[in-house]
Amino acid sequence: MADRSLKLKNNALFLDATDFEILRALQEDSRQTYMAIGKRLGIAHSTVFERIKKLEHNEVIKRYTTLIDSEKTGSKSITAIMSVYTDPKATEKVAGRLAQFPEVLELYACISEELLIMAKISAADQESLHAFIANSVAPLPGVLRIRTSVVTKRFKETQLSITSESKGVHL
Amino acid sequence: MSSETNRVLKTVPREKAFYFFTSIGNYTGISALSLKEFMEKINAVNAKSLEFHLYRGDFEKWITEVLEDGELAGEIRRIQKFNLTGDILRNQVGAAVTRRFKRLSKV
């Protein structure tokens, strides 16, 4: 069985330029074949296969997913950005609880003038959004106040692009 | 104390508290766990919050379903019909809640 561990250097996985090129190709289209990626990079498809398996094994590639244009599915759901101001001692617990709700799509702890949690929320409509925040978020111990903005237009939605200038992935 | 007084003046768990918002999803950080706290917070909260909740029927719903006080809910519903705003609205809601609280406290 092939050794699928990537070399470690200073507690970071060492990825070379070819690994980054493969990641970039997969970010553009994760359904393309090993053959197509190999042809594009000028390397054998077996090399592409082996490197992708290593990247998966080391969880550099966490999963393959689908970016859906929800407007084209006919979905009437709304998206909102919610800022939750918290007692600093309760931030971790509040974030942990919020992470369990299916309405919460993304969740971050941020430092601004105050410590706050920011979350991207999805709800069927404005009334459902309000009910979720009033019944499930506001009552959480440590929540000081909440500001919410409903998204009216999406100008861009993508993931961070992998570049060959990246030095490595820290564990 | 009568059972009605006990029921209406009870302190509720935080998941049943009234949370004051100023608009959809914008929570002020002010909440009330009882009729007494509700009466006090009416004077502390932004008048926009009172307008937001009164005309959505949130006060009436909470007083009916959580405090189980049909009489005060009826008073709130009556105030709702006058389309009041700002401090005039605050005074009307505040007076109705205070009257009810004082009457129950005396029993």
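The values are calculated or read from the model by the stated rules, or taken from the named source; none is laboratory data. Here the structure is a predicted model, which means the values were calculated and not measured. Glycine gets a Cβ as well: all are built from the backbone with ideal geometry, and neighbour counts include every protein chain shown.
Details
- Pairs with Cβ under 7 Å, 6+ apart, first in segment A:107-131 and β-branched (Val, Ile, Thr), second assigned to a loop (DSSP other than H, G, I, E, B): A:Ile121/A:Glu103
- The set of residues in segment B:1-17 being away from chain A (no Cβ under 14 Å), loosely packed, with under 14 Cβ neighbours inside 10 Å and not charged (D, E, K, R) consists of B:Met1, B:Ser2, B:Ser3, B:Asn6, B:Thr11.
- Candidate set from segment A:132-155 (those that are touching a residue at least 24 places away in the same chain (Cβ under 8 Å) and of a type in the set (Lys, Arg)); member that is nearest to the other protein chains (Cβ to nearest Cβ): A:Arg145
- Residue within segment B:49-60 that is more than 14 Å from every other protein chain (Cβ to nearest Cβ) and farther than 27 Å from A:Arg147 by Cβ present: no
- B:Leu67 being modelled with pLDDT of 95 or more and not in a helix (DSSP H, G or I): yes
- On inspection, A:Leu105 does not qualify as surrounded by 17 or more Cβ atoms within 10 Å (Cβ to Cβ) and either in contact with a helix residue (DSSP H, G or I) (Cβ under 8 Å, 6 or more places away or on another chain) or closer than 30 Å to A:Ala25 by Cβ (or both).
- A:Ile78 being modelled with pLDDT under 95 and not hydroxyl-bearing (Ser, Thr, Tyr): yes
- A:Val84 closer than 19 Å to B:Glu15 by Cα and part of a strand (DSSP E or B): yes
- Contact map, segment A:13-26: residues that are assigned to a helix (DSSP H, G or I) paired with residues that are β-branched (Val, Ile, Thr) and modelled with pLDDT of 95 or more, Cβ distance under 7 Å, separation 6+ or inter-chain. Pairs shown: A:Thr18/A:Ile43; A:Ile22/A:Ile37; A:Ile22/A:Val48; A:Ile22/A:Ile52; A:Ala25/A:Ile37.
- You will find that of A:Lys89, A:Lys76, A:Lys93, the residue that is more than 13 Å from chain B (Cβ to nearest Cβ), farther than 16 Å from A:Pro141 by Cα and among the charged types (D, E, K, R) is A:Lys76 and no other.
- On the stretch given as segment B:42-51, residues that are surrounded by fewer than 18 Cβ atoms within 10 Å (Cβ to Cβ) and either closer than 21 Å to A:Met82 by Cα or without any contact (Cβ under 8 Å) to a residue 24 or more places away in the chain (or both) total 3.
- Residue within segment A:96-115 that is within 14 Å of chain B (Cβ to nearest Cβ) and at pLDDT below 90 present: yes
- Residue check for A:Lys76: part of a loop (DSSP other than H, G, I, E, B) and either polar (S, T, N, Q) or over 30 Å from A:Gln32 (Cα atoms) (or both): yes
- Residue match in segment A:116-130 (condition: in contact with a strand residue (DSSP E or B) (Cβ under 9 Å, 6 or more places away or on another chain), of a type in the set (Val, Ile, Thr), at negative phi and within 12 Å of another protein chain (Cβ to nearest Cβ)): yes
- Number of positions in segment A:108-129 that are among the small types (Gly, Ala, Ser) and exposed (fewer than 12 other Cβ atoms within 10 Å of the Cβ): 1
- Enumeration of residues in segment B:18-30 that are under 25 Å from A:Ala124 (Cβ atoms) and at the interface with chain A (Cβ under 7 Å from one of its Cβ atoms): B:Tyr19, B:Phe21, B:Ile24, B:Gly25, B:Asn26, B:Tyr27, B:Thr28
- Qualifying residue in segment A:88-100 (condition: part of a loop (DSSP other than H, G, I, E, B) and in contact (Cβ under 8 Å) with a residue 24 or more places away in the chain): no
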